[in-house]
Every structure is written in C-alpha cells, then in structure tokens.
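**Q** Please see the structure below; I have some questions.
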Amino acid sequence: MKRTIHRLFWAWEPDKEEAWLNEMAAKGLVLSDVGWCRFTFEEGTPGAYAVRLELLDFMPSTKQSQDYIRFVEETGAEYVGKCLRWAYFRKQTADGGFDLYSDIDSRLNQVGRIQRLIACVLPLLIFNATNMLFSSAMQGSLSARIIGGLNLLLALLCGYGFTRLLLQKRRLKAERQLHE
Amino acid sequence: MSNESFALTEAVYYILLSLRSPLHGYGIMQRVEQLSAGRVRLAAGTLYGALESLLKKGWIQALPEEMGSRKKEYVITAAGTQAAENELARLRELVANGEKILGRDAG
C-alpha cells in the first residue's frame, strides 16, 4: 500500500524535513518516492528504515552527482529520489546507523551549500517585488500588486531562512573551535 | 607555516591508515570502524568529501577500475604515508605531554 502526502518544507529546514520523514519511518511509512512538495511512502515494518536527505553540489542527473549517489549506495543505502538538487536516501536500520555527515566540517559545508542556493534566488525575488510593486503604483494594476506582494513575502521568508542558516553556521563554527 | 604542519582530522588520519591495502568506500568505513573498535563511524558524505580532497592532494590514488566491477578502489601513496607518519609524530608528542602532566596527577 502506497500513501502520498503533500507537504511543503523550506530549503533552510532540511533537519525538520528529515525528522518528519524519520517519524514516518518509525511508524512504518517508508519514503519510496519524492517530488515537488510530494512524498510517497510505502507501508513496512515500523522502524526498519532511516531516511536522510541532502542538497547536492550539482543536479542529481550530472556525472558528479551520479558518482556520489553510487558511492552512497555502495555503503548499503538506497537512493530514493530527488527534488531539484535535493537527494533522498534510506537505509535499513538493521544494517547499522545511517548518517551522511560525521564531522562538523561536512555539516558546515552542507549549510553553506543551502545558503548559496538561497543567495541565488533572493536577488531575483527582490527584483521581481520592486519591479511589480513599482509598476502597480504607476498603473494601479491589482494583479501586479498581488504578484509583487507575493514576491516580497517570499523574499522576506528567504531572508529569514538565510539568517537562520547563518546562526546555525556560527554555532557549528564555535563548536569546531573545541572539537572536530 | 606550511600546510603539512597542521593536524590531520581524525577521519583523514584513519582513512590513510586504512588504505595501506586497496579498499573501496564501504571497505574503508568498515576498516576504520574496526581499527577504532567501533568508535569512529565515517558517514558516506563525509568520507566522499575526504577522499576527493585526499586525491587532489596526492595522498591517495584511485586504482584503475576492474572490468565488471563498479566499485572504485583507493590506496595510499608515498606522500600519504609521509603525512600519516608526520601525524603520528605529532600525536606522540601530544601523548607524551599529556602523560607527563595529567599522568602525574593521576599517579
């Protein structure tokens, strides 16, 4: 039996997304496919799988990412699927613990990668927002005001996410002062 | 200060030790876990990143892939052995000083 759930997670909260996917796995719903805000689960033994996700350096279809995905699979994990540049993996808990990162540096690396992704989108949103709001002020167009407002809202959200990642990075760096 | 006088990370040190004989990725994870009596568990993403850096530095090399085998194997180079030996000397110093100072308190 398959079950599909639609849910939105922001790019800056992969930990929350991962925690939710693992809660589902603990209940016996194991991630079997992913898409845009879409998660498909198959029913299985509760707690049989651990799920991990990460933002790759390159799109999952590229040679670099394929090499990496294959490497992770060789360690006993399964590649479940992708959503844009995010890759999802699962591994049977009977085969030992499952983590993608085991030191602070690689965690910092991942946070930086997400930050760079947001940094690419943010200027676009701000440009759209100012453009649309400016033209709505000139022409009194309601649709331009709505689109502009939505862009502004998204830009603010992304700014919030970026700041949260910044704080997370600072915490990790402080920790690294003491140990790896 | 040259690069070589920095401390190696635990992951890098153990990867170098494990590659005295050729191993593929999963083999390295198992060997390191075994060497450290289960304490050090390298995660796949961390190991992959470390292997890429080590290859770039020339401390390890990838063996030509065998026909039919999809798994890439790695082995330590002379430069890698030298780096591990330097680290061992540094660790000896840490241990000697630790024992001199902390060991005295305990004894």
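The values are calculated or read from the model by the stated rules, or taken from the named source; none is laboratory data. What you see is a predicted model, and the numbers here were worked out from it, not measured in a lab. Positions of Cβ are generated from backbone atoms using ideal geometry, with glycine treated the same way; all protein chains shown enter the neighbour counts. To get the accessible areas, we keep the full protein, side chains included, count just its heavy atoms, and leave off ligands, DNA and RNA. Shrake-Rupley method; radii C 1.70, N 1.55, O 1.52, S 1.80 Å.
**Q** As an exercise, take the mean of 1/r over every pair of distinct alpha carbons in chain A, invert it, and state the Kirkwood radius in angstroms.
**A** When all Cα pairs of chain A are included, the Kirkwood radius is 18.3 Å.
**Q** Please report the net charge: other residues with Cβ closer than 14 Å to the Cβ of B:R39, K and R +1, D and E -1.
**A** -2
**Q** Would you tell me the mean number of C-beta atoms belonging to other protein chains that fall within 10 Å of each C-beta in B:71-79, as a whole number?
**A** Per residue, the number of nearby Cβ atoms from other chains is 1 on average.
**Q** Tell me, what is the percent relative contact order of region B:8-106, built from C-alpha pairs under 8 Å that lie six or more residues apart?
**A** 29 percent
**Q** Only protein chains counted, 1.4 angstrom probe. Which residues of region B:16-58 are at least 40 Å² less accessible in the assembly than when their chain is isolated?
**A** Residues losing area: B:Y26, B:A43, B:A44, B:G45, B:T46, B:Y48.
**Q** Just to be sure I understand the model, the point goes 7 Å from the Cα along the line to the Cβ. What's the resulting A:R38 to B:R39 distance in nm?
**A** Placing both labels 7 Å along Cα→Cβ, they lie 4.9 nm apart.
**Q** Right, here's the next one. Between A and B, buried accessible area summed over both sides at probe 1.4 Å, in Å² to the nearest 100?
**A** Interface between A and B: roughly 1400 Å².
**Q** Restricted to Cα positions, what overall size does region A:1-50 have along the principal axes? Three whole-Å values, descending.
**A** Answer, in whole Å and largest first: 30, 18, 11 Å.
**Q** Calculate, in nm to one decimal, what A:A94 and A:K16 gain on full extension: separation in residues at 0.36 nm each, minus their alpha carbon distance.
**A** Working: separation 78, 0.36 × 78 = 28.08 nm, distance 2.37 nm.
Contour length minus the Cα-Cα distance gives 25.7 nm.
**Q** If you don't mind, another one. Springs between alpha-carbon pairs under 10 angstrom, Gaussian network model over chain A: which of A:S141, A:S106, A:S32 fluctuates most?
**A** Among A:S141, A:S106, A:S32, the largest GNM mean-square fluctuation belongs to A:S141.
**Q** Any chance you could check the Cα centroid distance between region A:27-55 and region A:76-114 for me, in angstrom?
**A** Using only Cα atoms, the two centres lie 13 Å from each other.
**Q** As a check on your grasp of the helix formula, calculate [θ] at 222 nm for chain A: sum -39500 (n - 2.57) over DSSP H runs of n ≥ 4, divide by the residue count, round to the nearest 500. If you can, show how the numbers build up before the last one.
**A** On the way: 4 runs with 96 residues, N = 180.
Mean residue ellipticity, 222 nm, calculated: -19000 deg cm²/dmol.
**Q** Using a 1.4 Å probe over the heavy atoms of the protein chains, calculate the carbon and sulfur portion of the accessible area of the protein assembly as shown as a whole percent.
**A** 57 percent
**Q** Which FRET efficiency value, to the nearest 0.05, is calculated for A:R170 and A:R113 with the Förster distance at 22 angstrom and r the Cβ-Cβ distance?
**A** 0.85
**Q** Another one. Go ahead and estimate [θ] at 222 nm for chain B from helices alone: -39,500 (n - 2.57) per DSSP H run with n ≥ 4, summed, over the residue count, rounded to 500.
**A** Computed mean residue ellipticity for chain B: -16500 deg cm²/dmol.
**Q** Ignoring everything but the protein chains, give the 1.4 Å probe accessible area of A:D57 in square angstrom, nearest 10.
**A** 80 Å²
**Q** Once the Cβ-Cβ distance between A:I146 and B:E66 is put in as r, and R0 is 45 Å, what FRET efficiency do you end up with, to the nearest 0.05?
**A** Numbers: r = 60 Å, r/R0 = 1.34.
Rounded to the nearest 0.05, the efficiency is 0.15.
**Q** Below 8 Å, C-alpha to C-alpha, sequence gap of six or more: please give me the relative contact order for region A:2-95 in percent.
**A** For region A:2-95, the relative contact order is 27 percent.
**Q** With every protein chain kept in place and ligands, DNA and RNA left out, what is the accessible area per residue of the protein assembly as shown? Probe 1.4 Å, answer in Å².
**A** Averaged over the residues of the protein assembly as shown, the accessible area is 58 Å².
**Q** Past 21 Å, Cα to Cα: identify those pairs from A:K63/B:K72; A:K2/A:K82; A:K173/B:K72, in the order given. Don't jump to the answer; show the numbers that get you there.
**A** Working: A:K63/B:K72 15 Å; A:K2/A:K82 18 Å; A:K173/B:K72 33 Å.
The answer is A:K173/B:K72.
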